[in-house]
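To keep things clear, I will list the structure first and then write my remarks on it.
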Amino acid sequence: MTEEKVNVLIIGSGPAGYTAAIYAARAGLNPVMYQGGQPGGQLTITNDVENYPGYPDGINGPQMMVDFQKQAERFGTDVRFGLATKVDFSGYPHKVIIDDKHEITANAVIISTGASAKWLGLESEQRLNGMGVSACAVCDGFFYKGQDVVVVGAGDTAAEEATYLSNICNKVTMIVRRDEMRASKIMQRRVEKAKNIEILWNTETEEVLGKDEVEGVRVVNNVTGEKTEIKATGFFVAIGHKPNTEIFKDFLELNDAGYIITKPGSTKTKVEGVFASGDAQDFIYRQAVTAAGTGCMAALDAERFLAEKEDELEEQEEVAEKA
């Protein structure tokens, strides 16, 4: 096991991590970033990003993350490949193990490990991901304006996505595998109010149709066994997200869904000197721009924390000299 000491360690990349890196580097905090298992985060599987300020013509998701990384490196961020596999926040400074072989001791840790969308697990779903298959209606719904789309799911997320899409799409078909929805009553009422939303009960997706882009969906009724093909250009999977926070569960406070709980109005966790940003702690908005905002907050919180630590150390040294 090799060892290394750093001032600020950023775990994970994406808009939150890179923004934290930019602010931390500009503040002279010498940040080291480990990009994680999916460098650049979920935006690396997003073809077009049109709702991020500063890109009037839109931008390809992977290219956007390349731009973010270049900007972080321009100010001195040490960006590295590697995955945090274990942490020990029981003492100070904090310890993080990278790839089970490199131990880093950090004065401050910024978590930006993000969250991963849950998928159905179909080959066609993965093959057409970004070509009509999406896990974010707010991100990609605009591209299907006036078209027919399908939403899979029965919870609040699915109901919210379907309702959002009903305002811009010609028709929304919801695929619900049971004979009832799990969504809250108020969200179900919103779905029922929308005249262009059709719900297919007791139905499951068998295959997403199309060679190079989504052309339709083949579904099967799990009661009768009847199969139906639905014409659609968009296929939105809304069965939830899983935050990438498993390694922190023994030290940080997580909610029931696994998202890191931070103190209101900040990115501070229950452990002093550990900060959480982006989709690892945001289960409401989950947008690139909000992730970047919390990345900025995390870097500023870390900067203030380290300044206070330095002041404490100086006071202790003064007391020791007087003694």
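Brief remarks follow.
- Solvent-accessible area assigned to carbon and sulfur over the chain amounts to 48 percent, based on a 1.4 Å probe.
- Remark: relative contact order (the range 193-323) = 12 percent; criterion is Cα-Cα distance under 8 angstrom and separation of 6 or more residues.
- Per residue, the solvent-accessible area of the chain (1.4 Å probe, heavy atoms of protein chains only, all protein chains present) comes to 51 Å².
- Of all lysines in the structure, those lying under 21 Å Cα to Cα from Lys86, and not within fewer than 8 positions of it along the same chain, are Lys5, Lys95, Lys101, Lys242, Lys249, Lys268, Lys270.
- Summary of the geometry: the range 209-223 and the range 43-76, compared by the centres of their Cα atoms, lie 31 Å apart.
- Taking other residues whose beta carbon is less than 13 angstrom from the beta carbon of Ala162, and scoring Lys, Arg as +1 and Asp, Glu as -1, yields -1.
- Quotient of C-alpha Rg and 2.2 N^0.38 Å, computed over the range 274-323: 1.74
- Using θ = phi - 60° in the Karplus curve 6.51 cos²θ - 1.76 cosθ + 1.60, the 3J(HN,Hα) couplings for the range 127-142 round to 5, 9, 4, x, 10, x, 9, 8, 10, 8, 5, 5, 6, 10, x, 4 Hz; x is entered for Gly and Pro.
- Beta bridges from DSSP with both residues in the chain: antiparallel share about 45 percent, rounded to the nearest 5.
- Neighbourhood net charge (15 Å Cβ-Cβ; Lys/Arg +1, Asp/Glu -1) for Gln42: -1
- Calculated FRET efficiency for the pair Glu198/Arg177, C-beta based, R₀ 22 Å, to 0.05: 0.90
- Taken over the range 123-237, lysine pairs spaced eight or more positions apart, or on distinct chains, with alpha carbons under 25 Å apart number 18.
- Over the chain: helical MRE at 222 nm, DSSP H runs n ≥ 4 each giving -39500 (n - 2.57), nearest 500: -9000 deg cm²/dmol
- Residues whose amide H falls under 5 Å from that of Ile110, counting only those 5 or more places apart or on a different chain, are Leu9, Ile10, Ile11, Phe275, with hydrogens built in the peptide plane.
- Theoretical gain in end-to-end length, Asp57 to Lys185 [0.36 nm per residue, Cα-Cα removed]: 42.1 nm
- Note that the range 190-200 has calculated 3J(HN,Hα) couplings of 5, 5, 5, 6, 6, 6, 9, 9, 10, 9, 9 Hz, one per residue in order, obtained from phi through the Karplus relation 6.51 cos²θ - 1.76 cosθ + 1.60 (θ = phi - 60°); glycine and proline are x.
- Across the chain, the relative contact order, built from alpha-carbon pairs under 8 Å that are at least six residues apart, equals 20 percent.
The values are calculated or read from the model by the stated rules, or taken from the named source; none is laboratory data. Since we're looking at a predicted model, the values are computed, not measured. With ideal geometry, Cβ positions are generated from the backbone for all residues, glycine too; neighbour counts draw on all protein chains shown. Accessible surface areas use protein heavy atoms only, side chains included; no ligands, DNA or RNA. Shrake-Rupley method; radii C 1.70, N 1.55, O 1.52, S 1.80 Å.
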